[in-house]
Amino acid sequence: MVAKFAMDDDSVVVVIGSGAGGGTLSNELAQKGIKVVCLEAGGRHEIQDFVNDEWKSFSQISWLDKRTTSGSWRVAKDFPNLPAWIVKAVGGSTVHWAGASLRFQEHEFKARTTYGAVEGANLLDWPVTLAEMEPYYDKAEFKMGTTGTNGIPRLPGNNNYKVLAAGAKKLGYSEFHTGNMSINSKPRDGRGACQQIGFCFQGCKSGAKWSTLYTEIPKGEATGNLEVRPNAQVLKIEHDAKGKVNAVLYADSTGAMHRQKARIVAVAGNSIESPRLLLNSASTMFPDGLANSSGQVGRNYMRHMTGSVYAMFDRPVHMYRGTTMAGIIRDESRFDPRRGFVGGYEMETLSLGVPFMAAFLDPGAWGRDFSSALDAYDHIAGMWLVGEDMPRETNRVTLHATEKDKFGLPIPNVNFDDHPNDIAMRTHAYGRGSAVYDAVGATRTIHTPPYPSTHNLGTNRMSANARDGVVNKWGQAHDVKNLFVSDGSQFTSGASENPTLTIVALAIRQADYIADQMSKREI
Amino acid sequence: MRVLDKRTRFNRRNFLKTSAASVAAAGAVSGGVVSIGATPAWAEGLTAIKPDAAKTLLVMVRDLYPHDRLGDAYYEKALASMDQAAAKDATLAGQLNDGAANLDAAARKLRNTPYAAIKAEADRVTVLKSIETTPFFRKVRGDMVVALYNQPEVWAKLGYEGASAEYGGYIHRGFDDLDWIKDA
């Protein structure tokens, strides 16, 4: 029996967003008997609605509300209104994520201590350690059915992986395999095994890939404690005279406004919308935005050092067959400043279909140099490079000075400049990526610039000290004790790993904390 | 390993009929660069793009994304999609027709001949580079990179199989059939 809560029910926890953070938190709280209203800006598209068609799917599930960009990153030039490639739908970006589920390394939780004072970077240690996170990583991996954990076998490698692995072996890399993927390698948790469909980014048609859409959310709904409201765009979080949040104002699909009362509010709208919502919730008591006494809301926007290497061979590869992210080389994710940069990076296979390859291989390119690459499409192998980028105060999400959305609220602008460390790392990664493919006879390699950001992080970061960040080690706002941040925007630093597993682990941990604090009447 | 048969499987007449603009394709038009004299039938099927502009634009789109093994039909279909948009958008129609005329003017200035009549691709590319920063060029380039490469018929030619879920994915259809790397 799916719950239905009244707008004036001020005992509910309101969770804004239903992705890795919000969807997981909603279910975890519901399982503990806590009443939850989850407000999701996008619609509810189930597995049968997904399409194996890149542009059609892009129109169906992407967050396409207008945003602007600034700064020297190439995305601002090629995709000025699409800084991020994320999802607006129930399930959030767990609908289109590739499934990579990697734990952060111990030193990555101590970025400031490990890397030292990097000029132009706003580095800080997390107020959490790997040791504190390990039990929650365990729970997250079990929940998500991550391969290579809990006795779950790894997925078989596809053609794209075979090329990567052969190159890795020739170069003497030691840690490469088909990854720790939250994709069922055999039936588990009521979901089937991976059919190697490809199209992981378009919503998994078999349900083998973990997504909150068909795991956390229906499980939470089954408790009778969770109500998910799709097409509910939150505009403002309101507070009482004491500075505690007490309601959320949102618009439904018809544009009608609603005010849902709340005992606690958790923000999980991804790292552009979450700070935007806090900034748009400014009031007389919080003139610079909610929970922003530090001035850090919207700052330290991170998006991972990324790039891709595509390589052509004289024989066919058909990289698009099978899982999009089919394997990983981890050797370069170590901390080793002798390479000329701090932090590390992962090398993960990636494939795009012809439509997206044309759009993203070298945006803006034309002529024979470009089209000859597409002529070799079925002879291409590809990898994505994902590494730790430096948090910078000036890389930030701000409210646009003049442009407003259809509700009259300022749209977000995303400003980003690569740090010299990011550039040094990308140059190194391009070189090593090419070397992997050259080792197995590539005839040509192409260095593809970063796509619009899929890993958006850091804009409401955790800090031990209230002056350095927005939330404490539980994701609880320093300034407002019944306000939480539950998505990747709470990351203090980016680490080199794909962020979803850590978002899920933090959400499980946060649910324990919220339940504890509620029972103690602290919040 | 399972490789694909890239031979053309569609009938050109039906292919164009199925295109959104339902271009009237009377008679067979040879592949490659269209002849300059007569107005080709496909161009007469366009509504917003004028025949002269269509001839210029077709060669321009081929030069933007040259695939020698693709006949004109694929490029015509991509252009037809832009014509359809221009039919509902007078500003776009003006931009395309004026842009094509300006491209011809640039060609005359640099090579003393209309764009589509310049014989060597390298010479046409030189002309294209001279207008590369114009909004017209950017619009055509940006729309055509989507419209050309979003055609399942083009995917087949490039060795991409498109949707796979309805065929059970690739688990039994060659996801790991790469056979040219030893002990991979």
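Please treat every number below as a calculation from the coordinates, not as lab data. All values reported here derive from a predicted model rather than from experimental measurement. Here the Cβ positions follow ideal geometry from the backbone for every residue, glycine too, while neighbour counts run over all protein chains shown.
Neighbouring Cβ atoms from other chains, within 10 Å of the Cβ of residues in A:367-374, number 5 on average. Taking each of A:Lys143/A:Lys205; B:Lys6/B:Lys50; A:Lys56/B:Lys6; A:Lys110/A:Lys162 in turn, the alpha-carbon distance tops 27 angstrom for B:Lys6/B:Lys50; A:Lys110/A:Lys162. Of the residues A:Ser26, A:Ala140, A:Val75, the one whose Cα sits farthest towards the positive end of the charge dipole of segment A:13-519 is A:Ser26 (charges of +1 on Lys and Arg Cβ, -1 on Asp and Glu Cβ, taken about the Cα centre). Taking the longest Cα principal axis of chain A as reference, the axis of helix A:500-519 is set at about 20 degrees.
Using a 10 Å cut-off on Cβ to Cβ distances, tally the other chain neighbours for every residue of A:348-361 and report the average as a whole number. Don't skip to the end; give the middle numbers.
Details: counts 0, 0, 0, 0, 1, 7, 14, 10, 2, 3, 9, 5, 0, 1.
That average works out to 4.
To the nearest 0.05, how large is the calculated FRET efficiency for A:Leu249 and A:Lys139 if R₀ is 30 Å and r is the Cβ-Cβ distance? That gives a FRET efficiency of 0.35.
Calculated on the alpha-carbon coordinates, the convex hull of segment A:13-519 measures out at 134 cubic angstrom per residue.
The A:Glu132 and B:Leu110 beta-carbon pair, evaluated with R₀ = 45 Å, returns a calculated FRET efficiency of approximately 0.10. Bridges between two residues of the protein assembly as shown, per DSSP, are antiparallel at a rate of about 70%.
Any idea which of B:Asn150, A:Gln490, A:Ala511 is furthest toward the positive side of the dipole for the protein assembly as shown, if Lys and Arg beta-carbons carry +1 and Asp and Glu beta-carbons -1? The residue sitting farthest along the positive end of the dipole is B:Asn150. Cross-link check: pairs B:Lys88/B:Lys119; A:Lys4/A:Lys219; B:Lys55/B:Lys77 evaluated at a Cα-Cα cut-off of 24 Å; pairs beyond the cut-off: B:Lys88/B:Lys119.
Go ahead and estimate [θ] at 222 nm for chain A from helices alone: -39,500 (n - 2.57) per DSSP H run with n ≥ 4, summed, over the residue count, rounded to 500. Mind showing how you got there, number by number?
Details: 12 runs with 129 residues, N = 523.
After summing the helix terms and dividing by residue count, I get -7500 deg cm²/dmol.
Remark: segment A:13-519 carries a charge dipole of roughly 480 debye about the Cα centre, counting +1 on each Lys and Arg Cβ and -1 on each Asp and Glu Cβ.
Ranking request for peptides A:194-204, B:43-53, A:388-398, B:105-115: highest mean number of other beta-carbon atoms within 10 Å first, then the rest in descending order.
Details: A:194-204: 25.5, B:43-53: 19.2, A:388-398: 23.5, B:105-115: 16.7.
In decreasing order of mean packing, A:194-204, B:43-53, A:388-398, B:105-115 become A:194-204, A:388-398, B:43-53, B:105-115.
Once the Cα atoms are used to define both axes, helix A:420-438 deviates from the longest principal axis of chain A by about 40 degrees. Residues within the reach of a label modelled at B:His172 (point 7 angstrom out along Cα to beta-carbon, backbone nitrogen below 17 Å), restricted to segment A:313-354, are A:322.
Residues of segment A:318-352 with an amide N closer than 14 Å to a point placed 7 Å from the Cα of A:Ala439 along the Cα-to-Cβ direction: A:328-333, A:347-348.
Sorted by packing (mean other beta-carbon atoms within 10 Å per residue), highest first, where do A:435-445, A:9-19 land? Display every interim value, and only then the final one.
On the way: A:435-445: 18.5, A:9-19: 25.2.
The most tightly packed comes first, giving A:9-19, A:435-445.
Straight-line cross-link reach from A:Lys481 at under 16 Å between alpha-carbon atoms covers these lysines, not counting any fewer than eight positions away in the same chain: A:Lys242, A:Lys244, A:Lys473, A:Lys520.
Sorting A:27-36, A:450-459 by their mean Cβ neighbour count within 10 Å, with the most densely packed peptide first, gives A:450-459, A:27-36.
Approximating the spin labels as points 7 Å out from Cα along Cα→Cβ, the A:Ser174-to-B:Lys119 distance works out to 6.4 nm.
Here the label points at A:Thr284 and B:Lys6, each 7 Å from Cα along the C-beta direction, are separated by 7.1 nm in the simple model. Note on A:Ile47 and B:Ala90: their simple-model spin labels are 5.2 nm apart, each label 7 Å out from Cα toward Cβ.
The angle between the Cα long axis of helix A:159-171 and the main principal axis of chain A comes to about 70°, on a 0 to 90 degree scale.
On average, how many beta carbons from a partner chain sit within 10 Å of the beta carbon of a residue in B:145-154?
On the way: counts 10, 4, 0, 5, 12, 10, 2, 2, 0, 4.
Counting Cβ atoms of other protein chains within 10 Å of each residue's Cβ and averaging gives 5.
Using 1/(1 + (r/R0)^6) with R0 = 22 angstrom and r between the beta carbons of A:Asp336 and A:Arg154, what's the FRET efficiency to the nearest 0.05?
Working: r = 26 Å, r/R0 = 1.19.
It comes out at approximately 0.25.
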